[in-house]
1. Go through (1) assigned to a strand (DSSP E or B); (2) under 23 Å from Leu79 (Cβ atoms); (3) open to solvent by less than 10 Å² (accessible area, probe 1.4 Å) for Glu205 and report which single condition fails.
2. Every residue in the range 271-300 that is buried (at least 19 other Cβ atoms within 10 Å of the Cβ) and in contact with a helix residue (DSSP H, G or I) (Cβ under 7 Å, 6 or more places away or on another chain), please.
3. What about Thr93, is it out of contact with any helix residue (DSSP H, G or I) (no Cβ under 6 Å at 6 or more places or on another chain) and free of Cβ contacts under 8 Å to residues at least 12 places away in the same chain?
4. Look through Gly50, Gly68, Gly43 and report the one residue that is touching a strand residue (DSSP E or B) at 6+ places or on another chain (Cβ under 9 Å) and small (Gly, Ala, Ser).
5. So Phe90 fits all but one of (1) hydrophobic (A, V, I, L, M, F, W, C); (2) open to solvent by less than 60 Å² (accessible area, probe 1.4 Å); (3) under 30 Å from Leu153 (Cα atoms); (4) assigned to a loop (DSSP other than H, G, I, E, B); what number is the exception?
6. Arg80 versus (1) of a type in the set (Lys, Arg); (2) touching a strand residue (DSSP E or B) at 6+ places or on another chain (Cβ under 7 Å); (3) closer than 26 Å to Val164 by Cβ; (4) free of Cβ contacts under 8 Å to residues at least 60 places away in the same chain: which is the lone unmet condition?
7. For the range 40-55, check the following and say yes or no: at least one residue is part of a strand (DSSP E or B), loosely packed, with under 13 Cβ neighbours inside 10 Å and of a type in the set (D, E, K, R).
8. All but one of (1) within 17 Å of the chain's Cα centre (by Cα); (2) farther than 24 Å from Pro223 by Cβ; (3) open to solvent by less than 20 Å² (accessible area, probe 1.4 Å) hold for Arg180; which doesn't?
Amino acid sequence: MGGQDVRSRINSQEAKVMQLQRPKFVYMGGRLRPWDEATLHVGCEAVTRGLNVFEGLKGYWQPDGSFGIVKLRQHYERLRRSARLLHIPFNQTYDEYVKAVRDLMGALLEPDRDMWARTTLYVIEGHWGENTVADLVVTAYHQNKQIPQSINLGVSSWRRSADVSLPARIKTSTNYQAGRLARIEGRARGCEDMVLLNQWGRVAEATGSCVLIVRDGAVYTPPATEGALESITVDIVEALAHSLGIDFFRRPIDRTELLVADEIAICGTLAEVTLIREVEGLPLHKEPPVLRALQDRYFQAVKGTMPHPFVELSCFSAS
Ligand code: PMP
């Protein structure tokens, strides 16, 4: 594949987040506001120290015409845990959180487009942990409904920071600096995503998703203690694997084990289940049987064509 082709694939992959979209509304300060009015002051800690915690949510149109958000309660709980670890007060109840998300998504929904939303607690008042006040901000972007194409994966020279420096368990924007550098590095090498190794040189996760490998028919993923986010999608994939009779284990993965894996995928709320066709220039199965079965089952569950009891969807009607 020529360099230009690789770059256009990369661009289309990145366009998934739709950073170029400027949706009509943003939820901020307890209500919907026009996009242009959703601003933060340059003096607040959210800007000066990048202080925030956030969650990315995915919603899919369902066969009954409702719109379903995947594992909303689990995202709320993880947002609470991230906020707790950074001493950011988070006062919203689950119901208030759901209302904020629904208000915004409901206002922006378009037929035939799914949506990805980001719920962020930005620290808008306070100084070095004193008198901290945060505001819940929700932004949402349209997404196409296609199943993701398989991608090229590289292994970055950048590392996931250790639990004693910037814990992967905290979902905060500052935790994405290494991932950003890894993506810049990957782009120059024709890779659409990159794996970050942890402080011990083993697989931690990809820049915005977790890593799944298959060896001899069983699926393996590094546990959170290896420097991966406590992923909601990994929990889903584990439950789906069990119901398909596929063995699923969480254990450390060496870099060389990644390179000799039979099949590889990355998974996350936004990455969904994306198959890997090449790792560090080494080609993989075009039709990886185990991960393709898990990918198919994942989309059946989140799109509601074959629900799964573990994959709860918070559905609302789009009126
Ligand atoms: N790791 C990182 C760094 C991420 O940003 C994400 C996406 N939230 C994940 C892993 C996957 O987590 P989840 O399945 O909960 O979306």
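The values are calculated or read from the model by the stated rules, or taken from the named source; none is laboratory data. Not measured: the values here are computed from a predicted model. Heads up, the Cβs are rebuilt from the backbone with ideal geometry, glycines too, and the neighbour counts pull from every protein chain shown. Areas reflect the complete protein model, heavy atoms only, side chains present, ligands, DNA and RNA absent. Shrake-Rupley method; radii C 1.70, N 1.55, O 1.52, S 1.80 Å.
1. Going through (1) assigned to a strand (DSSP E or B); (2) under 23 Å from Leu79 (Cβ atoms); (3) open to solvent by less than 10 Å² (accessible area, probe 1.4 Å) one by one, Glu205 breaks only (3).
2. Scanning the range 271-300 gives Glu272, Val273, Leu275, Val279, Leu294, Arg297, Tyr298.
3. Values: out of contact with any helix residue (DSSP H, G or I) (no Cβ under 6 Å at 6 or more places or on another chain): yes; free of Cβ contacts under 8 Å to residues at least 12 places away in the same chain: yes.
The answer is yes for Thr93.
4. Gly68 is the lone residue from the list that is touching a strand residue (DSSP E or B) at 6+ places or on another chain (Cβ under 9 Å) and small (Gly, Ala, Ser).
5. Among (1) hydrophobic (A, V, I, L, M, F, W, C); (2) open to solvent by less than 60 Å² (accessible area, probe 1.4 Å); (3) under 30 Å from Leu153 (Cα atoms); (4) assigned to a loop (DSSP other than H, G, I, E, B), the lone unmet condition for Phe90 is (3).
6. Only one criterion is unmet by Arg80, namely (2).
7. No, the range 40-55 has no match at all.
8. (3)
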